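Some notes on the structure that comes next.
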Amino acid sequence: MAQKKSFARMVGEYSNLAFIIPSSLLVGYAIGYGLDKWLGTHYWYIVWLLIGIVAGMIDVVKKVMGDFQKDQDAGGGED
């Protein structure tokens, strides 16, 4: 039987979720900004900003769904 995580450990694991979307957004914007400067365009930053947002959301959903699945497998879900 799986051991239940302490509150402090859960807070530590989920606190990184607050940084996933802003950091992916920043990386996407930086890539787009660099491409715009290099190619002399004015739209790549928007494309890469959206890619960064989507990537961050996918990462958050994967983390939450993975933890939910682990909880269900451990018998912690309500039936």
- Query: Within the bounds of segment 4-12, is there any residue that is surrounded by 16 or more Cβ atoms within 10 Å (Cβ to Cβ), hydrophobic (A, V, I, L, M, F, W, C) and assigned to a helix (DSSP H, G or I)?
  - Reply: no
- Taking the residues in segment 14-56 that are in a helix (DSSP H, G or I), small (Gly, Ala, Ser) and free of Cβ contacts under 8 Å to residues at least 24 places away in the same chain as candidates, determine which candidate is farthest from Phe68 (Cα to Cα). Gly34
- Item | Residues located in segment 21-52, provided they are surrounded by fewer than 13 Cβ atoms within 10 Å (Cβ to Cβ) and either touching a helix residue (DSSP H, G or I) at 6+ places or on another chain (Cβ under 7 Å) or among the polar types (S, T, N, Q) (or both) | Thr41, His42
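None of the figures in this text is laboratory data; all of them are computed from the coordinates on show. Since this is a predicted model, take the numbers as computed values, not measurements. All Cβ positions, even for glycine, are placed from backbone atoms using ideal geometry, and neighbour counts span all protein chains on display.
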